[in-house]
Amino acid sequence: MIDCSSETVVVTGASSGFGEAIARRYAKHGAKLILAARRMDRLEKLKGELGVPSHLVELDVRNRDAVEKAFGRLPADFANVTILVNNAGLALGLEPAHKVNLDDWQTMIDTNVTGLVTVTRTLLPGMVERDKGHIVNIGSVAGNYPYPGGNVYGGTKAFVKQFSLALRSDLLGANVRVTNIEPGMADTEFSLTRFKGNKAEADKVYQGVEALTADDIAETVFWSTALPAHVNINRIEVMPTQQAFAGFKVERRS
Ligand SMILES: NC(=O)c1ccc[n+]([C@@H]2O[C@H](COP(=O)([O-])OP(=O)(O)OC[C@H]3O[C@@H](n4cnc5c(N)ncnc54)[C@H](OP(=O)(O)O)[C@@H]3O)[C@@H](O)[C@H]2O)c1
């Protein structure tokens, strides 16, 4: 059993899906946890089940002041963060670009891009100073391959991929690793959020498919950070066996 008792792991978006599974995975190995999300009731319940020291942060990652306050002044026992999992994120809607609700685009950019870079910028100096750290970003295959209605969601995840690679360049010599995990279809609350609480629409996404589970992604995140410190996994794409590529579409007019 890998011992993580010397790790302090920040997980954003720990109140459901991947984030919750990632928290459970590190707890099994004795890590200290800092769990952030807006739904505190969910975090409180999770904390009660984990059995490791856990510091909860009620946080909207879009709020720069709140991020800087929460992560800039951590309790002494939790101050030496060694792993940051930038997981908080969402997709909203599947409409084509010319019909989309502009507020949804803004929310995705604010959360998936602005939130992620704000949390990173707040916690990174400590890692560099201590000469130890690992940032794991949760990207998406949507950042690599377009699909109808993926417009700005895919754009935000392409940003996360490129930002992750750029961090590697900046952090050369700092002993801080950076990994971008790029999942395909996974059965979490992701689709319920995308379809704004419409459970029937969300359930359709996973119908007849053995989708990835949150545990599959937690396992991938954990594996990437458990490798020896001289090994950096830059990017990993993970998809369900039942999901693949469908080629180009052609519009024929005659
Ligand atoms: N499921 C998939 O198919 C899939 C595939 C590829 C990538 N991803 C990515 O994986 C990550 C996790 O998604 P999931 O599938 O686990 O979905 P999920 O079950 O809906 O979880 C999303 C998490 O993000 C948090 N979050 C959302 N907006 C936030 C904000 N403004 N501030 C703080 N926390 C926020 C939510 O917490 P609160 O609502 O409590 O704040 C929740 O804990 C996301 O970045 C998503 O884009 C998912």
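Details
- Shape of the range 204-253, Cα gyration tensor, a/c cut at 1.5: oblate
- Principal axis extents of the C-alpha atoms in the range 1-153 (largest first, rounded to whole Å): 50, 30, 28.
- Potential lengthening of the chain between residue 216 and residue 69 amounts to 49.7 nm, from the contour at 0.36 nm per residue minus the alpha-carbon distance.
- Cα pair count fraction exceeding 20 Å, expressed as % - the range 93-222: 52
- Cross-link reach list, aspartates and glutamates versus residue 161, counting only Cα pairs under 15 Å and skipping chain neighbours closer than eight places: 170, 182, 237
- Greater than 26 Å apart at Cα, pairs in 69/132; 196/249; 204/249; 99/199: 196/249
- Estimated 222 nm signal from helices in the chain, with DSSP H stretches of n ≥ 4 weighted -39500 (n - 2.57), rounded to 500: -12000 deg cm²/dmol
- Restricting the trypsin sites (Lys or Arg not before Pro) of the range 197-254 to loop positions (DSSP other than H, G, I, E, B) with no more than 13 neighbouring Cβ atoms within 10 Å leaves 249, 252, 253.
- With neighbour counts taken as other beta-carbon atoms within 10 Å, the residues 194, 177 rank, fewest first, as 194, 177.
- Tensor-based shape of the range 98-151 (alpha-carbon gyration tensor, a/c under 1.5 rounded, otherwise prolate or oblate): oblate
- Going by neighbour counts of Cβ atoms within 10 Å, the residues 217, 109, 135 line up, fewest first, as 109, 217, 135.
- Degrees separating the helix 151-170 axis from the principal Cα axis of the chain, which is the longest one: 40
- The stretch between residue 39 and residue 196 holds 54.9 nm of extra length on full extension. This uses 0.36 nm per residue minus the Cα-Cα distance.
- Eligible lysines near residue 45 by straight Cα distance, threshold 20 Å, same-chain separation 8 or greater: 28, 32
- Our summary gives the range 65-141 a relative contact order of 50 percent, counting only alpha carbon pairs under 8 angstrom and 6 or more residues apart.
- Placing R0 at 41 angstrom, the Cβ-Cβ distance between residue 6 and residue 103 gives a FRET efficiency of 0.40 after rounding to 0.05.
- Computed from Cα atoms, the angle from the helix 17-28 axis to the main principal axis of the chain rounds to 30 degrees.
- Rounded to the nearest 10 degrees, the angle from helix 116-130 to the longest Cα principal axis of the chain is 30 degrees.
- Cβ crowding within 10 Å ranks 82, 241 as 241, 82, fewest other Cβ atoms first.
Only the coordinates and a few stated rules stand behind these numbers; no lab work does. No experiment lies behind these values; they were computed from the predicted model shown. For neighbour counting, all protein chains shown are included, and Cβ atoms are generated from backbone atoms with ideal geometry for every residue, glycine included.
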